[in-house]
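Trainee: My structure is below; once you've seen it, I'll send some questions.
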Amino acid sequence: MRISRIAREHGLSVQAIRNYVDWGMLPPTERAPNGYRIFTQRHADALRTVLALMEAHGWQCARRIMSAIHAGDVQGALAELDRSNAELHRERTQVRQVLQALQGEVPPRLVVRRPLRIADAAAAVGVRPSALRFWERVGLLEAGRERVTGYRTYDTVQLTRARVLVLLRQAGYRLPDVRAVLEQMAGGDPAGTRAALARREQQLDRTSRLRLRAAALLDAYLG
């Protein structure tokens, strides 16, 4: 099977196929007497699996899964798959928790008796402290300050706002659109936030379906 045929069937360049081989995403190739790589049906099956995994899990995750398989580490590949699926489940749970928060049921980890300092607040909402600082700088968050130390602090309201912000950014919302949703939420009109998070749930549902298809291809590839 010629490399140009495999590339053409999937709308890829010949160089992209070579790269996938070099990165371990496709099985190693043998060489013909003229030095050309020899591709087989096994490579075509691997490529279909790679592309499905990329669409469902992202490029980096697909690379880690397939390179582990071709290195003989099937357990490592399955562990990577589990990790990625766990992240999807975690985000789905968080979306539902924030939707509940908009109805007055704040997720337990965002309910604090005393405001959290920035490192703990960042951990609670799943971002780096630098993200909280940036969002404060552009007016999306409003941190408090400790009277003696001047350290930033975040109460339940700001933690919930930050978590909504994170989920909206993961859903692909640009900062101006995030600002509009948060202003609605702060104004006592959470309808826009609920609608945005509902769209994110739909995206997660689509991702889950893509992952089912990718898993079927991967299972068939593993034989």
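Trainee: What is the mean projected area of the alpha carbon convex hull for the chain, to one decimal in square nanometres?
Mentor: 15.7
Trainee: Okay, next question. Could you work out the relative contact order of the chain, using alpha carbon pairs under 8 angstrom and six or more residues apart, expressed as a whole percent?
Mentor: Computed over the chain, the figure is 18 percent.
Trainee: Among V14, A56, S67, which residue has its Cα positioned farthest towards the positive end of the charge dipole of segment 3-87, with +1 placed on the Cβ of Lys and Arg, -1 on the Cβ of Asp and Glu, and the dipole taken about the Cα centre?
Mentor: Going by the Cα projections, it comes out as V14.
Trainee: If you line up the long axis of helix 191-222 against the longest principal axis of the chain, both from Cα atoms, how many degrees apart are they, to the nearest 10?
Mentor: Rounded to the nearest ten degrees, it is 20.
Trainee: Largest first and in whole Å, what are the equivalent-ellipsoid semi-axes of segment 3-87 based on the Cα gyration tensor, each being the root of 5 times an eigenvalue?
Mentor: In descending order, the three semi-axes are 24, 14, 9 Å.
Trainee: Residue by residue, what Karplus-based ³J(HN,Hα) values in Hz, rounded to whole numbers, does segment 163-175 have, using 6.51, -1.76 and 1.60 with θ = phi - 60° and x for Gly and Pro?
Mentor: Once rounded to whole Hz, the list reads 5, 4, 4, 4, 5, 5, 5, 5, 7, x, 6, 6, 4.
Trainee: Using modelled amide H (1.01 Å from N, peptide plane; none on Pro or chain starts), what sits under 5 Å from the amide H of Y151, excluding residues fewer than 5 places away?
Mentor: E146
Trainee: Tabulate in residue order the Karplus-calculated ³J(HN,Hα) for segment 36-48, using 6.51 cos²θ - 1.76 cosθ + 1.60 with θ = phi - 60°, rounded to whole Hz; enter x for Gly and Pro.
Mentor: Each residue's phi maps through the Karplus curve to give 6, 6, 9, 10, 10, 4, 4, 5, 5, 5, 5, 5, 4 Hz.
Trainee: Another question, if that's okay. Suppose every K and R has +1 on its Cβ and every D and E has -1 on its Cβ; what is the size of the dipole of the chain about the Cα centre, in Debye to the nearest 20?
Mentor: 320
Trainee: Determine, from the Cβ-Cβ distance of R96 and N34 and an R0 of 45 Å, the FRET efficiency 1/(1 + (r/R0)^6), rounded to the nearest 0.05.
Mentor: So, using R0 = 45 Å, E works out to roughly 0.15.
Trainee: Which Cα, out of A198, A215, A162, lies furthest along the positive dipole direction of segment 154-223 (beta carbon charges, K/R +1, D/E -1)?
Mentor: Farthest towards the positive end: A215.
No lab work stands behind these numbers, since they all come straight from the coordinates. Predicted, not measured: the structure shown is a model, and the values here were computed from it. Every residue, glycine as well, gets a Cβ built from its backbone with ideal geometry; the counts of neighbours run over all protein chains shown.
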